Amino acid sequence: MDKRVSTGGVSRLERANRVILLGDYYGQLLTERQRDILSLHYEDDLSLGEIAERLGVSRQAVHDLLSRSEEALEDYEARLGLVARDGEARRLVAALARAVAALEPGNPQKPRMERFIKRLKARF
């Protein structure tokens, strides 16, 4: 099945990437079972039926748990906003890097600013 097929304006690949990113930030707040289901579906690319067979549960049970897990991740992001905050920080660091790159080569502050940006990029 083509992972690029769009569903509701967001491609399946984009959705998978978002769930994996949210899992990186908030996965430890989920139960082990929720983390396992998300990993099997989004990282191992197993279908709901394959997960159900592997875990000895119904496909509907997998679907329900997957949906609740995704909702929980989105809820954590809505409440805490860590992914959005870090994304904004990355955008600001990139804009700052472009501004420093545009400075005149002889500017005495440019090397210091470049070192500072390098440290910021390492953090974000």
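Nothing in this text is a laboratory measurement; each read-out follows from the coordinates by a stated rule. Bear in mind that the values here come from a model prediction, so they are computed numbers and not experimental data. Note that each Cβ is placed from the backbone with ideal geometry, even for glycine, and that neighbours are counted across all protein chains shown.
So what is the relative contact order for segment 35-124, in percent, with contacts set as C-alpha pairs under 8 Å and at least six apart?
Values: 39 pairs, mean separation 17.2, N = 90.
Normalised by residue count, the contact order of segment 35-124 is 19 percent.
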Among the complete DSSP H segments of the chain, which ones combine at least 18 Å of alpha-carbon extent along their axis with a mean Kyte-Doolittle hydropathy of -0.5 or more? 12-26, 82-101
Label-point separation, Leu82 to Leu21 (7 Å along Cα→Cβ), nm: 1.5 nm
Neighbouring Cβ atoms within 10 Å as the yardstick, rank His63, His41 fewest first. His63, His41
Scan (1) 20.2, 68; (2) 16.5, 53; (3) 14.8, 46 for the value of Rg and Dmax of the Cα atoms in Å calculated from this model and give just the label. (1)
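Under the rule of -39500 (n - 2.57) per DSSP H run of 4 or more residues, summed and divided by the residues of the chain, what mean residue ellipticity at 222 nm is obtained, to the nearest 500 deg cm²/dmol?
Working: 6 runs with 86 residues, N = 124.
Theoretical 222 nm ellipticity from helices: -22500 deg cm²/dmol.
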Prolate/oblate/rounded label for segment 84-123 (Cα gyration tensor, a/c 1.5): oblate
